[in-house]
1. Return only the number of the condition from (1) of a type in the set (D, E, K, R); (2) surrounded by 14 or more Cβ atoms within 10 Å (Cβ to Cβ); (3) touching a residue at least 60 places away in the same chain (Cβ under 8 Å) that D70 does not satisfy.
2. Which residues, counting only those in region 267-286, are surrounded by 13 or more Cβ atoms within 10 Å (Cβ to Cβ) and not in a loop (DSSP other than H, G, I, E, B)?
3. Do we find that R172 is of a type outside the set (A, V, I, L, M) and on the phi < 0 side of the Ramachandran plot in this structure?
4. Within the set of pairs 6 or more residues apart or between chains, which connect a residue that is more than 22 Å from T199 (Cβ to Cβ) inside region 15-42 to a residue that is part of a helix (DSSP H, G or I) with Cβ atoms less than 8 Å apart?
5. Which count do you get for residues in region 28-47 that are of a type in the set (D, E, K, R) and either in a strand (DSSP E or B) or buried (at least 16 other Cβ atoms within 10 Å of the Cβ) (or both)?
6. Could you list all residues from region 67-115 that are in a loop (DSSP other than H, G, I, E, B) and within 16 Å of ligand 3 (Cβ to nearest atom)?
7. Which of the residues that make up region 147-173 are more than 14 Å from ligand 2 (Cβ to nearest atom), crowded, with 17+ Cβ neighbours inside 10 Å and in a helix (DSSP H, G or I)?
8. What pairs come up if the first residue lies in region 266-292 and is modelled with pLDDT under 95, the second is among the basic types (K, R), and their beta carbons are under 7 Å apart, counting only those six or more places apart or on different chains?
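The values are calculated or read from the model by the stated rules, or taken from the named source; none is laboratory data. Everything quoted here is computed from the prediction, not taken from an experiment. Here the Cβ positions follow ideal geometry from the backbone for every residue, glycine too, while neighbour counts run over all protein chains shown.
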Amino acid sequence: MREVNVVIDGKRVTVPEGYFIIQAAREVGIDIPALCYDPNLEVVGACRLCLVEIEGSRKLQTACSTKVRDGMVIHTESDRVVSSRKEILQLLLDNHPNDCLTCQKAGECLLQEYAYRYDVKFREHYGARRPSYVDTTSPYILKDDSKCILCGKCVRTCSQVQDRRVLSFGGRGFDTRIVIDADFNFDKSSCVSCNRCVTVCPVGALVDKRLLNKGRSWEYHKREVKCKVCEYGCSFEILSKDGRNVAVRAKEANGGRPLCLKGRLTTEFLYVDDPDKPYIKGEEGFIEATWKDALGLKDLLDKLLAHEEEEMGVEYNG
Ligand code: SF4
Ligand code: SF4
Ligand code: SF4
Ligand code: FES
């Protein structure tokens, strides 16, 4: 493949033709802020936070959707760029609850990180705010629309798996929000609780409900394990605190891995010291289940026990 040479913030880098500026910058350790970009998802250029200055170009360009050209000279932190970033971040914060103190995402939230990096603060704001609808109906996902920045990553990752496509943009203009099927709650929707959307959400708009009140992000020791349920081998993180495994969370579903609830619950059952009760979806929403049912083991165990009874003359009661 042909290669091109570019200069980013004074650093020379050679990358394959077709690379986006954001990818080339990462090659030389320059982290351009990005809220809607994800290398595993289709590029949409929605948040504008990654704007950079290219010599010879009058307008700022999005680093996530502009491809490098040979000889390009790029500035990622010029005065113009920084001032535009501050403006975007301020507008986002104006329409966002000042909830970092108790937000589950604090410490891992990209909006929080960039606000800190560019010294942008919450300020008095008397204008309209995003609707603050919170969906608490799923035992696996908490959806808080007031924190959503409409980056669309959740929509894109959910639609990567055929037959899911549960999330989409609903409403118009200022009232745009992420909707579940035709605006249902999680419990009445076709969502399969795989948590792909949670893994890509850059803020606290979609959080893993089984992590609530277990600890803050900086308190955990994290260890990656591969799921043992099927050949995809999706990745999960075991979160430990004070020497105990307290929770499991799904890692991003890159490399074509789908993620699923069975894999996540199996990983919880295997590793977590005192796992929360599992839930499965019934006609009327989520219902508490036995681990046997949740992991789909009932038929297998019944067959195994029957087999042992027959083969070895052992009798099991229940
Ligand atoms: S989503 Fe991020 S910025 Fe918003 S309250 Fe939570 S930690 Fe703070
Ligand atoms: S949990 Fe999975 S199926 Fe449900 S909305 Fe999120 S990505 Fe889609
Ligand atoms: S819920 Fe999260 S991932 Fe989805 S659009 Fe909102 S901020 Fe982005
Ligand atoms: S990361 Fe480039 S526009 Fe959002």
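1. (2)
2. T267, E268, F269, L270, Y271, Y279, I280, K281, G285, F286
3. Numbers: of a type outside the set (A, V, I, L, M): yes; on the phi < 0 side of the Ramachandran plot: yes.
The answer is yes for R172.
4. V15/Q23; V15/A24; V15/E27
5. Step one: filter region 28-47 for residues of a type in the set (D, E, K, R), giving 31, 38, 42.
Those still in the list that are either in a strand (DSSP E or B) or buried (at least 16 other Cβ atoms within 10 Å of the Cβ) (or both) too: 38.
Number satisfying all stated conditions: 1.
6. From region 67-115, those in a loop (DSSP other than H, G, I, E, B) are 68-72, 76-78, 95-109; that's our starting set.
Listed by number, the residues that qualify are N95, H96, P97, D99, C100, C103, Q104, K105, A106, E108, C109.
7. Of the residues in region 147-173, the ones more than 14 Å from ligand 2 (Cβ to nearest atom) are 147, 149-151, 171-173.
Imposing the further condition that a residue be crowded, with 17+ Cβ neighbours inside 10 Å reduces the set to 147, 149-151.
Selection gives K147 alone.
8. Listed pairs, sorted by first residue: G285/K188; K292/K298.
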